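Worksheet: the structure to be examined is printed underneath.
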Amino acid sequence: SQSRYYAELTDFTHFLILQGDEILVLPDQLDSIILSILAHPDVDFWNMVTPLNEIAELSNPSVVKCVLNQELDVLSIFRKSPLISEVETQIKLVHKICGLFAVSRKALSLMAKLSPTPLETSESIEQLKFLELGYKIKSIMTPLSYPSINLPEDVEIVWEILLTDNKQEEVLQKIL
């Protein structure tokens, strides 16, 4: 696979992965992952997480979610909240998993060699393989929770943000 090729034939220590549905990621969010890697190069997997914006996201399967332990490690990843507490409590405990993560060369090489795991396959969430095999995912919290493009109707929402959000407009102007 391509992942195995890159992991084994390069001398990079980590790979920064930005999934295509996360077009609103800001440069400072990329920088925070890079700084985390530099501060803790022994960590194999980092994932950007954000607060949920709306209660409806708790049951929206296109929003990948997680809960964290006290050390901000990802405990569990899911598409619908498995929690039974009141939604007001859940919205404080559950976070959105962003399609921005970093993985060490060693971990990427290992993951690429292994077959898909049952939870990874059933939920279509790559990070679940890592958790299923007993590894830790460190979270990097960012306060900005921009939507991803998962469904056709998300394009309009993202377009509106690009036109009205000052930070997004600043980045867009630099690109154009």
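The values are calculated or read from the model by the stated rules, or taken from the named source; none is laboratory data. Predicted, not measured: the structure shown is a model, and the values here were computed from it. Neighbour counts run over all protein chains shown; Cβ positions are idealised from the backbone, glycine included. For accessibility, only protein heavy atoms count, side chains too; no ligands or nucleic acids. Shrake-Rupley method; radii C 1.70, N 1.55, O 1.52, S 1.80 Å.
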Checking L58, L131, L72, L100 in turn, the sole residue that is touching a helix residue (DSSP H, G or I) at 6+ places or on another chain (Cβ under 6 Å) and touching a residue at least 24 places away in the same chain (Cβ under 8 Å) turns out to be L58
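Can you tell me which residue is modelled with the highest pLDDT among those in region 161-176 that are charged (D, E, K, R) and either in contact with a helix residue (DSSP H, G or I) (Cβ under 8 Å, 6 or more places away or on another chain) or open to solvent by less than 90 Å² (accessible area, probe 1.4 Å) (or both)?
Restricting attention to region 161-176, the residues satisfying the condition of being charged (D, E, K, R) are 165, 167, 169-170, 174.
From the residues that got through so far, the ones that are either in contact with a helix residue (DSSP H, G or I) (Cβ under 8 Å, 6 or more places away or on another chain) or open to solvent by less than 90 Å² (accessible area, probe 1.4 Å) (or both) too are 165, 169.
Values: D165: 93, E169: 86.
Restricting to residues being charged (D, E, K, R) and either in contact with a helix residue (DSSP H, G or I) (Cβ under 8 Å, 6 or more places away or on another chain) or open to solvent by less than 90 Å² (accessible area, probe 1.4 Å) (or both), the top hit is D165.
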Kindly indicate whether L128 is touching an Asp or Glu at 6+ places or on another chain (Cβ under 8 Å) and either modelled with pLDDT of 95 or more or closer than 24 Å to G20 by Cβ (or both).
yes
Flag if V43 is in contact with a Lys or Arg (Cβ under 7 Å, 6 or more places away or on another chain) and not in a strand (DSSP E or B):
yes
When you scan region 113-125, do you find a residue that is out of contact with any Pro (no Cβ under 8 Å at 6 or more places or on another chain), in a helix (DSSP H, G or I) and crowded, with 18+ Cβ neighbours inside 10 Å, even just one?
yes
Which number in (1) on the phi > 0 side of the Ramachandran plot; (2) buried (at least 16 other Cβ atoms within 10 Å of the Cβ) marks the one condition that L72 misses?
(2)
Tell me, please, whether a residue that is in contact (Cβ under 8 Å) with a residue 12 or more places away in the chain and of a type in the set (S, T, N, Q) can be found in region 162-174.
yes
Out of everything in region 89-119 that is within 22 Å of T50 (Cβ to Cβ) and of a type in the set (D, E, K, R), what residue ends up being nearest to the chain's Cα centre (by Cα)?
K96
Output yes when any residue across region 148-171 is part of a loop (DSSP other than H, G, I, E, B), within 14 Å of the chain's Cα centre (by Cα) and within 30 Å of D42 (Cβ to Cβ), and no when none is.
yes
